[in-house]
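Please read the structure below before turning to the comments.
Values in this text are rule-based calculations from the coordinates and carry no lab data. In this text the structure is predicted, and so the values were computed from the model without any measurement. Using ideal geometry, Cβ is built from the backbone for each residue, glycine included, and neighbour counts are taken over all protein chains shown.
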Amino acid sequence: MKLSAVKPVGRVLARELAVTALLLAGVSVVVFAILYFAPGNPLHALGVREAEGVASTWPGQYAAWCAKVLQGDFGHSVRTGLPVLPELARVGLNTLYLTLGALALTAAIAVPIAVHAAARGDTPGNAAATIAAYVLSAVPVFWFGYIVVYVFIHQFGMFPLISGTATRQQNAWLYSLVPILVLGTASGTLSEMIRHLREELSRVLAEDYIRTARAKGAPVWRHAFKEGFLIPVTEIMSAKIPFLLGGAVIVEQVFNWPGMGRMAWQAAQDRDFPVIMGIALAAAAFVRLGSLAQRVVFTAVNPRASKE
Amino acid sequence: MRRYVQAQDLSRLPLLQRADVLDVLYVGYGLAVVALVLASYVIGALGWLPHDPRAIDVALINAAPFTPGHPLGTDFLGRDLQARLILGIQAYFLPGLLAIAISLAGGCVLGVLAGYRGGPLETLVTYFANLVDSFPRLVLILLVIAAFKPDIYYVMVVVGITGMPAIANLVAGKIAFLRQKSFIEAAHALGLPAHSVILKHILWLNCRTVLVIQATLGMAEAILIETSLSYLGFGVQEPTPSWGNMVQAGANYFLQGNFWPSTAPALAILATILGFQLLGDGLNNLLEGKRRR
């Protein structure tokens, strides 16, 4: 392979990395600005103090704050006194498990429905399915959570509220599937994923090159796979990460799930700036990482991406 | 005389003839919900409630609907659910309008800058959109709550700002499409000032349906955020009702099998958010002729 053919892709990926870095810098500015303008000087709690030789102007404070954050020093929790970063890493894994599980579940439900709808076109069941999707996306997650909890307690004699806690029982992982089920089906993500995948796949199936493939007897699915399936799936999954993280705040509250969302709730209750700041930064980093992964897939499967 | 209409000329048909039945139903349901919310808001604001929403009646705790005197039942303190549901609208109505106003105003300014001037400004607006998308909205709101105070108007400012990029994108796209049209060229050739072209010919005459649609979708979003926050305990506090804190208050009884006190406000949330969403999507399909992405 000629070097000139490789180069553009590398350049595109470098550009994506730069964009991600730039956006993370923007994220840090937003978080800093909120802390800077907040009453009660929350930056003090984070150890950015004039007494320690930090300039009193905002660029100086931002630089000092950034240096601390980049070194992994997110300060100590106001409530527990523990350093924030290890705590964040501990509960972050639980949230990662919850959100990625929910994402996988949503995709597992959405993909077959969307593919079927795109391949078969309009069927009488479609209108009913559309309305059902609308209703499902408007159901308040917390209420849906209660219904599921109730059903599990009274029908299966299980108590999914203690999922994920230290008291590991037999089949504890089964309980942990319940919050995933709630977050994966009732946060409005499901219907949007179905809609997006269906639209994209229908659009691609109507393209000329698919007609050509069909005409010459080539496998249609192999031709439609990249543009009609792989790109939309990664696109919608990365776009839905922030929604799922937001939904996790509520689902973790309902199920007493020891994750970042519950921690964020507790921190907002106590005005625990270091913790909520760390969670906001971690969540934004997670979102940008998902987006970067999506761009990598997009660049890898789309030869045009390197020429744009 | 019969009119022959070709497929491309579908837009020449009167609105109701080319409409999808489903879309008309969506808009009808949505308008009914909006009317009900508006009427209930006015009733609540004027205090014309069927019952005192704070009157406690220990003899009638968690009453089922259709109890004499309490058509929608009572909550865990025997307070009338109908009155509390009506009063709960106060918690999101004006804050929601504030969020919509901020989104629309900011989104229009950004959209016009990006679409009309283009170039680096367009890049900047895209950057802003990606930046806003980086934060889970609820986490950003909790950060603001922790840093400032749990005030619904602060929250709605955040909701409004985070709603800007979507509107900016729509307006910018619309402008990019309109710029090729001869009437905009003609307006420029006639020497109309830029602000007149932008405000009248672009925003008012060509973007207002899009903006109304976005406003209804924005209200759905605002209700979702307000009810979630008051469920989490950061919104309106007891004894003032909000649909979110009513669901939360009924939760313990829900798990014991007393579904109604928690379910009534949850159904109100469901029906209302659904109404605003269907109104927005239905109008979009009818007037703009395309599905929301």
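Side notes on the structure shown:
- Under the Debye formula (equal points on every Cα, no solvent term), log10 I(q)/I(0) of the stretch B:105-180 at q = 0.15, 0.21 Å⁻¹: -0.55, -0.85
- All-pairs alpha carbon distance profile, the stretch B:42-199, 10 Å steps from 0, percent: 10, 24, 20, 19, 14, 9, 4, 0
- Helix axis angle, A:84-120 relative to chain A longest principal axis, alpha carbon, degrees: 20 degrees
- The rule of thumb for compact globular proteins, 2.2 N^0.38 Å, goes into the C-alpha radius of gyration of the stretch A:60-143 1.87 times.
- Per-residue Cβ neighbour counts within 10 Å put B:LEU104, B:LEU142, B:LEU36 in the sequence B:LEU36, B:LEU104, B:LEU142, beginning with the fewest.
- Computed over every Cα-Cα pair of the stretch A:221-288 and binned at 10 Å starting from 0, the pair-distance distribution P(r) comes out as 20, 37, 22, 14, 7, 1 percent.
- Unit Cα scatterers, Debye sum, the stretch B:139-246: log10 I(q)/I(0) for q = 0.18, 0.20 Å⁻¹: -0.87, -0.98
- Long-range tail of P(r) for the stretch B:196-293 (Cα pairs > 18 Å, %): 58 percent
- Look at the Cα gyration tensor of the protein assembly as shown: its axes a ≥ b ≥ c give a/c under 1.5, and that counts as rounded.
- Projecting the Cα atoms of B:ILE198, B:ILE225, B:THR240 onto the dipole axis of the stretch B:193-293, where Lys and Arg carry +1 and Asp and Glu carry -1 at the beta carbon, places B:ILE198 farthest toward the positive end.
- Mean ellipticity per residue at 222 nm, deg cm²/dmol - from DSSP H runs of n ≥ 4 across chain A, formula -39500 (n - 2.57): -25000 deg cm²/dmol
- Rg and Dmax of the stretch B:54-126, Cα atoms only, in Å: 23.4, 69
- All-pairs alpha carbon distance profile, the stretch A:4-110, 10 Å steps from 0, percent: 12, 28, 29, 21, 9, 2
- Ranked B:ASP281, B:ASP20, criterion: other C-beta atoms within 10 Å, fewest first: B:ASP20, B:ASP281
- Extent of chain B along its three principal axes (Cα atoms, max minus min coordinate, largest first): 76, 61, 33 Å.
- Using only side-chain charges placed at the Cβ, +1 for Lys and Arg and -1 for Asp and Glu, the dipole size of chain B relative to its Cα centre rounds to 1080 debye.
- For B:LYS200, a cut-off of 15 angstrom between C-alpha atoms picks up these aspartates and glutamates, skipping any fewer than 8 places away in its own chain: B:GLU185.
- Cα gyration tensor shape for chain A, rounded if a/c is under 1.5, else prolate or oblate: oblate
- Placing +1 on the Cβ of every Lys and Arg and -1 on the Cβ of every Asp and Glu, with nothing else charged, gives the stretch A:10-121 a dipole about its Cα centre of roughly 340 debye.
- Screening chain B for DSSP H helices whose Cα atoms reach 27 Å or more along their own axis and whose mean Kyte hydropathy is at least -1.0 gives B:21-46, B:93-112, B:152-178, B:205-232, B:260-283.
- Rounded to the nearest 500, the 222 nm mean residue ellipticity of chain B from helices alone is -20500 deg cm²/dmol, with -39,500 (n - 2.57) taken per DSSP H run of at least 4 residues.
- Qualifying aspartates and glutamates (Cα of each under 20 Å from Cα of A:LYS68; at least 8 residues distant if same chain): A:GLU50, A:GLU52, A:GLU87, A:ASP272
- Around B:ALA251: net Lys/Arg minus Asp/Glu count, Cβ-Cβ under 14 Å: -2
- Normalised by the number of residues in chain B, the mean separation of alpha-carbon contacts (under 8 Å, six or more apart) gives a relative contact order of 25 percent.
- Cα shape, the stretch B:87-140, gyration tensor, a/c 1.5 rule: oblate
- Each other residue within a Cβ distance under 14 Å of A:LEU190 adds +1 if Lys or Arg and -1 if Asp or Glu, for a net charge of +2.
- When the listed pairs A:LYS216/A:LYS240; A:LYS216/B:LYS174; A:LYS240/B:LYS174 are checked against a 30 Å cut-off, the alpha-carbon distance exceeds it for A:LYS216/A:LYS240; A:LYS216/B:LYS174.
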